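The values are calculated or read from the model by the stated rules, or taken from the named source; none is laboratory data. Quantities reported herein were computed from a predicted structural model and do not represent experimental measurements. All Cβ positions, glycine included, derive from the backbone under ideal geometry; neighbour counts span all protein chains shown. In case anyone asks, the SASA skips ligands and DNA or RNA and just uses the protein heavy atoms, side chains included. Shrake-Rupley method; radii C 1.70, N 1.55, O 1.52, S 1.80 Å.
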Amino acid sequence: VELPYSRRNFGVPPNLYLIGTMNTADRSVEALDTALRRRFDFVECPSKPVLLSDMVVRNTEGVGVQLDKLLTVINARIEMLLDRDHHIGHSYFMNWKDADPETKLRQVFKNNIIPLLQEYFYGDPLKVGLVLGDTFVKLIGKKGEAVDMQTDKKEEEKVEFATAYRKQLDL
């Protein structure tokens, strides 16, 4: 191709592939999305929880979390409340070689997943709670200590989190 201003020839070697990524959930670029889809091939790259099938994170009490099942459930809940374009990717859980798994899992949720869910469900923390599940969050009682949700039914009735939202939607 001859460049319009410099009149120099420009070309790309035949063994070079240009790969771009695009978030289809962002509707503010819908016109651009349509234009690009007319001109290029698109390959969907969905989340692959199966890549996490051998990863189990155990806490100090020995309770384990299977990351593939965790991601599958979270994405199923997101799909039910929004759509499949908002799935959480498996990459957040990859490459934890030298990290303490429990610490890394907490960090990923604190710094990546929870802020992303807050953005997805802006202004509706009950939906964030529904995605995470009511066992994800510790209820802090009036005295500042964690409340056992299984034994203290009075406190459980006061919780307006995933449980309340689930009852409201009759899911």
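When you look at Phe161, is it modelled with pLDDT of 85 or more and crowded, with 16+ Cβ neighbours inside 10 Å, yes or no?
Considered against the rule, which asks whether it is modelled with pLDDT of 85 or more and crowded, with 16+ Cβ neighbours inside 10 Å, Phe161 comes out as no.
Give the range 86-118 a look and list any residue that's under 17 Å from Leu52 (Cβ atoms), open to solvent by less than 50 Å² (accessible area, probe 1.4 Å) and not small (Gly, Ala, Ser), or say none.
Ile88, His90, Phe93, Trp96, Glu102, Leu105, Val108, Phe109, Ile113
Of the residues that make up the range 61-79, is at least one touching a residue at least 24 places away in the same chain (Cβ under 8 Å) and either surrounded by fewer than 14 Cβ atoms within 10 Å (Cβ to Cβ) or not in a helix (DSSP H, G or I) (or both)?
As a first pass, look at the range 61-79 and keep what is touching a residue at least 24 places away in the same chain (Cβ under 8 Å): 65, 67, 71, 73-75, 77-78.
Now restrict to residues that are either surrounded by fewer than 14 Cβ atoms within 10 Å (Cβ to Cβ) or not in a helix (DSSP H, G or I) (or both): 65.
The answer is yes, given that some residue of the range 61-79 is touching a residue at least 24 places away in the same chain (Cβ under 8 Å) and either surrounded by fewer than 14 Cβ atoms within 10 Å (Cβ to Cβ) or not in a helix (DSSP H, G or I) (or both).
Name the single residue, out of those in the range 1-60 being part of a strand (DSSP E or B) and exposed (fewer than 11 other Cβ atoms within 10 Å of the Cβ), that is modelled with the highest pLDDT.
Keep residues of the range 1-60 that are part of a strand (DSSP E or B), which gives 2, 9, 56-58.
Next, only the ones that are exposed (fewer than 11 other Cβ atoms within 10 Å of the Cβ) stay: 2, 9.
Details: Glu2: 91, Asn9: 94.
By that ranking, first place goes to Asn9.
Out of (1) farther than 25 Å from Asp33 by Cβ; (2) out of contact with any strand residue (DSSP E or B) (no Cβ under 8 Å at 6 or more places or on another chain); (3) not in a helix (DSSP H, G or I), the odd one out for Ile88 is which?
(1)
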